[in-house]
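The values are calculated or read from the model by the stated rules, or taken from the named source; none is laboratory data. Please read these numbers as outputs of a predicted model, since none were measured by experiment. Reconstructed Cβ throughout: ideal geometry from the backbone, glycine too, with neighbour counts over all protein chains shown. Ligands, DNA and RNA are excluded from the accessible area calculation, which covers all protein heavy atoms including side chains. Shrake-Rupley method; radii C 1.70, N 1.55, O 1.52, S 1.80 Å.
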Amino acid sequence: MSSTIFEKKDSTLHVWPEGRLDTATSPVFEKEVRAQLDGVQHILMDFEHLEYISSGGLRALLTIEKLIEEQNGDMRLFHVNENIMEIFDLVGFTDVVTVVPD
């Protein structure tokens, strides 16, 4: 992943990851998101520029989902490309995380 953009408005955190969310990049991504969670009730992740996700990336997303649920919040994923959506469907990820259709 080359970069992640964050924008916090009131209790909503917008997140735009780019590139790859894999074993090498997901720990940094998770740490960056965790650092933004104070006072957050809603996470909106825009995957428009995310090209690839591995099991490490899925694990990071599950951890973030659990953390926001502990704050009585929610997380939604937008603009998930076909390849990533196929992975989500294959592993049952859409049963755990809300993916908003385009």
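Which of the DSSP-defined H helices in the chain satisfy a minimum axial length of 27 Å, computed from C-alpha atoms, and a minimum mean Kyte-Doolittle hydropathy of 0.0?
On the way: long enough: none.
The qualifying helices: there are none.
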query = What are the ³J(HN,Hα) values, in whole Hz, obtained from phi via the Karplus relation 6.51 cos²θ - 1.76 cosθ + 1.60 with θ = phi - 60°, for each residue of segment 40-53 in sequence order, with x given for Gly and Pro?
reply = 8, 10, 9, 10, 10, 9, 9, 8, 3, 10, 8, 8, 8, 9
remark   = Charge dipole of the chain built from unit charges on the beta carbon (Lys, Arg +1; Asp, Glu -1), centred at mean Cα; most positive-end Cα among LEU90, VAL100, LEU21 is LEU21
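Above 18 Å lies some portion of the pair distances; for the chain, what is it as a whole percent of all C-alpha pairs? If you can, show how the numbers build up before the last one.
Numbers: 2059 of 5151 pairs.
Taking all Cα-Cα pairs of the chain, the fraction more than 18 Å apart is 40 percent.
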request  = Send over a whole-number figure in Å² for the accessible area per residue of the chain, probe 1.4 Å.
outcome  = 56 Å²
remark   = In nanometres, the difference between 0.36 nm per residue of separation and the alpha-carbon distance of ASP102 and GLN41 is 19.7 nm
ask   = Got a number for carbon plus sulfur as a percent of the chain's accessible area, 1.4 Å probe?
value = 48 percent
